[in-house]
1. Can you tell me how many residues within segment 22-39 are part of a strand (DSSP E or B), surrounded by fewer than 18 Cβ atoms within 10 Å (Cβ to Cβ) and not charged (D, E, K, R)?
2. Pairs only if they're at least six apart or on different chains, beta carbon under 7 angstrom, first in segment 188-204 and surrounded by 17 or more Cβ atoms within 10 Å (Cβ to Cβ), second among the polar types (S, T, N, Q) and in a strand (DSSP E or B); list them, first residue then second.
3. Restricting attention to segment 76-86, which residues are under 17 Å from the mean Cα position of the chain (by Cα) and over 13 Å from residue 38 (Cα atoms)?
4. Got at least one residue in segment 14-21 being acidic (Asp, Glu) and either under 18 Å from residue 157 (Cα atoms) or touching a Lys or Arg at 6+ places or on another chain (Cβ under 8 Å) (or both)?
5. Given the conditions (1) among the hydroxyl-bearing types (Ser, Thr, Tyr); (2) surrounded by 21 or more Cβ atoms within 10 Å (Cβ to Cβ); (3) not in a loop (DSSP other than H, G, I, E, B), and given that residue 89 satisfies all but one, which numbered condition is not satisfied?
6. Hey, among the residues in segment 112-148 that are within 20 Å of residue 63 (Cβ to Cβ) and of a type in the set (Asp, Glu), which one's surrounded by the most Cβ atoms within 10 Å (Cβ to Cβ)?
7. Of all the residues that make up segment 38-56, how many are of a type in the set (A, V, I, L, M, F, W, C), over 12 Å from the mean Cα position of the chain (by Cα) and within 15 Å of residue 71 (Cβ to Cβ)?
8. Those residues that are of a type in the set (Lys, Arg) and out of contact with any helix residue (DSSP H, G or I) (no Cβ under 8 Å at 6 or more places or on another chain), I need them from segment 145-185; list them, please.
Amino acid sequence: MSLYSRLIFPRLLDLTMASASMVSYRRALLSDVTGDVLEIGFGTGLNMPYYSSAVTSLTTVDPNEGMGAIAQKRIDASPIPVQSQVLSSENLPLPDAGFDNIVCTWTLCSIPDAHQALSEVYRVLKPGGKFFFIEHGLSDEPSIQAWQNRITPIQRMIADGCHLNRKIDVLVAEVFDQVDVKKFYAPRLPKIQGYFYQGIATKT
C-alpha cells in the first residue's frame, strides 16, 4: 500500500465525505439497520454515529489500514460493541449466515472485484437479512456516461481505486433476487460524481 493511500487519502476521504448532505443520506439509510451488523468499507467510521441502539453488534472490514486511527475515535464514542478487521471484502473469513443486516456506503466503486464482494455479502447474510447500500456510479444519461468513462482512469489514481462508471444496480441484481433501488443526482455534486444508487437488497 502506498504512502498516499495509507496516510493522505484517509484524511481527504474523511474531509470530503463528512458534509451535511452526506450525513442526511447516512441517517436515512441506517435508520432501519438492526441486530448483528457487518459494514464493508468502514473507512474512517463516518457511519458510526448514525447506527441506532437497535444494533447489537457491529463487525467492520476495510482493506486500508490507514483508516483505522481516524475511525477508532468514532468507535470509542459509541456504545455499540465493534470488531474491526483490516481485510478485503472479496474474501471474508466469516461464517455463513452470520449477520442480520449488512451495510455498504460509497464502497463498491473501489473494490477491485465488486461481484465477488457482493457474493461474499450474500453468503454471510442470514436468510431474510438485508443489504443496505448507497453508492455513486454510472449515470443513465449518455452524455454524462461519456465523461465518466473518460475520467475514471484519473479518478482511480487520485481516489484509491474509485470508479465513476459502475452500474451498481446491475452489480447488486447479479447476486440478489430482490432489490429495491432508487437512482438520483445528489443536488450539490457534479453529475459525473453525484449519480447515486440507494437501496436495499434482501436475501430470499
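All of the numbers you see were taken from the coordinates with simple rules; none came from a lab. Every value quoted in this text rests on a predicted model; they were computed, and no experiment measured them. When we count neighbours, we look across all protein chains shown, and the Cβ atoms used for this are built from the backbone with ideal geometry, even at glycine.
1. Looking only at that region, the number is 1.
2. Taking only residues 6 or more apart or on different chains, the pairs are 201/178.
3. Answer for segment 76-86, where residues must be under 17 Å from the mean Cα position of the chain (by Cα) and over 13 Å from residue 38 (Cα atoms): just 86.
4. Taking every residue of segment 14-21 in turn, at least one turns out to be acidic (Asp, Glu) and either under 18 Å from residue 157 (Cα atoms) or touching a Lys or Arg at 6+ places or on another chain (Cβ under 8 Å) (or both).
5. Single failed check for residue 89: (3).
6. Only one residue tops the list, namely 135.
7. Residues flagged as of a type in the set (A, V, I, L, M, F, W, C), over 12 Å from the mean Cα position of the chain (by Cα) and within 15 Å of residue 71 (Cβ to Cβ) within segment 38-56 amount to 1.
8. Within segment 145-185, 150, 156, 167, 182 qualify.
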